[in-house]
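Student: I'd like to ask you about the structure that follows.
What follows is calculated from the coordinates using simple rules that are stated; it is not laboratory data. Predicted model, so just to flag it, every value in this text is computed and none were measured. Quick reminder, even Gly has a Cβ in these numbers, built from the backbone with ideal geometry, and neighbours come from all protein chains shown.
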Amino acid sequence: KAGVTQTPRYLIKTRGQQVTLSCSPISGHRSVSWYQQTPGQGLQFLFEYFSETQRNKGNFPGRFSGRQFSNSRSEMNVSTLELGDSALYLCASSHGDRDNQPQHFGDGTRLSIL
Amino acid sequence: QQQVKQSPQSLIVQKGGISIINCAYENTAFDYFPWYQQFPGKGPALLIAIRPDVSEKKEGRFTISFNKSAKQFSLHIMDSQPGDSATYFCAGLTSGAGSYQLTFGKGTKLSVIP
């Protein structure tokens with residue numbers, strides 16, 4: 001079974017631009033979550049989608065948004081990029097509709113803001 | 001508010017020794033406690049996980065000990081090997097009310113020396 005796939009693996013942008021990251025979950029998983037990983041703040045929850053609906057959102061500004069498609073694939077968008085947005089963005093998937101189900105992560109998209 | 005406190009930040013262990021990483025949590029809404037292993041350039045990989053109604057879980061060389069009353073849990077790596085050198089994260093998962101969210105500790109960088 002293929003794992004969680006994130007594209008692209010690396011991105012370089014400049015301040016003020018916007019970026020879209022993509023995530024394909026494990027086949028059969030309907031929940032997709034996004035996390036930001038930085039050396040200073042560690043792993044922080046951005047938001048979670050299930051069946052095309054955002055179920056939960058972390059403490060991030062409105063510049064961070066996402067969506068999920070009917071095939072469970074998800075995209076994350078960051079607008080008006082700031083230097084502090086440089087991070088590894090991780091996507092995780094799970095069934096999302098049963099207890100004690102761990103989330104499985106992709107290898108992330110490394111976003112660098114110049 | 002750091003809801004999951006992890007220690008130590010870094011750990012050096014001799015090959016064949018026991019590695020012990022500790023975590024303490026505050027949020028009693030956590031209903032699942034996974035540990036993740038992360039190598040440089042890769043996403044976190046699920047290592048082992050435990051439910052709060054279980055006091056211990058063992059999978060190969062990896063054991064989780066869980067103390068619900070103290071709100072603490074730990075990872076023991078027996079017979080540590082150089083290939084175990086990675087960063088380890090403990091986490092608490094909330095999956096109630098139809099929302100899945102992982103809250104992570106800050107991570108422990110483990111180095112196993114030959």
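Student: Work out how much length A:Ala2 to A:Thr38 would gain on full extension: take 0.36 nm times their residue separation and subtract the Cα-Cα distance, in nm to one decimal.
Tutor: So the chain would gain 10.3 nm between A:Ala2 and A:Thr38.
Student: What Kirkwood Rh does chain B have if only Cα atoms enter the pairwise 1/r average? Answer in Å.
Tutor: About 14.2 Å for chain B.
Student: Just to be sure I understand: of the beta bridges DSSP finds with both ends in the protein assembly as shown, what percent are antiparallel, rounded to 5?
Tutor: Taking every DSSP beta bridge within the protein assembly as shown, about 90 percent pair in antiparallel fashion.
Student: Can you pull out the chymotrypsin sites (Phe, Trp or Tyr not before Pro) in segment A:13-93 whose DSSP state is coil and whose Cβ has at most 15 other Cβ atoms within 10 Å?
Tutor: A:Phe69
Student: Something else about it: For the pair A:His95 and B:Lys42, what calculated FRET efficiency results from E = 1/(1 + (r/R0)^6), where r is the Cβ-Cβ distance and R0 = 35 Å, to the nearest 0.05?
Tutor: Using R0 = 35 Å, I get an efficiency of 0.95.
Student: Can you grab the distance from the C-alpha centre of segment B:1-46 to the C-alpha centre of segment A:37-99, Å, no decimals?
Tutor: Answer, in whole Å: 22.
Student: Same structure again: Pull up the DSSP beta bridges for chain B and report the antiparallel fraction as a percent, rounded to 5.
Tutor: 90 percent
Student: Under a plain spin-label model, where a point goes 7 Å from the Cα along Cα-to-Cβ, how far apart in nm are B:Gln3 and A:Gln17?
Tutor: 3.4 nm
Student: Further, regarding this structure: Let's see if you can work this out: charge +1 on each Lys and Arg Cβ, -1 on each Asp and Glu Cβ, no other charges. What is the dipole magnitude of the protein assembly as shown about its Cα centre, in debye to the nearest 20?
Tutor: Once rounded to the nearest 20, the dipole reads 280 debye.
Student: Which trypsin sites (Lys or Arg not before Pro) in segment B:42-76 sit in a loop by DSSP (not H, G, I, E or B) and have at most 15 other Cβ atoms within 10 Å of their own Cβ?
Tutor: When the trypsin sites (Lys or Arg not before Pro) of segment B:42-76 are filtered for loop state and at most 15 Cβ neighbours within 10 Å, B:Lys42, B:Arg61, B:Lys68 remain.
Student: Checking the table A:Lys57/B:Lys58; A:Lys57/B:Lys57; A:Lys13/B:Lys5; B:Lys71/B:Lys109 against a 29 Å threshold on Cα-Cα, which pairs fail?
Tutor: In this structure, A:Lys57/B:Lys58; A:Lys57/B:Lys57; A:Lys13/B:Lys5 lie more than 29 Å apart at Cα.
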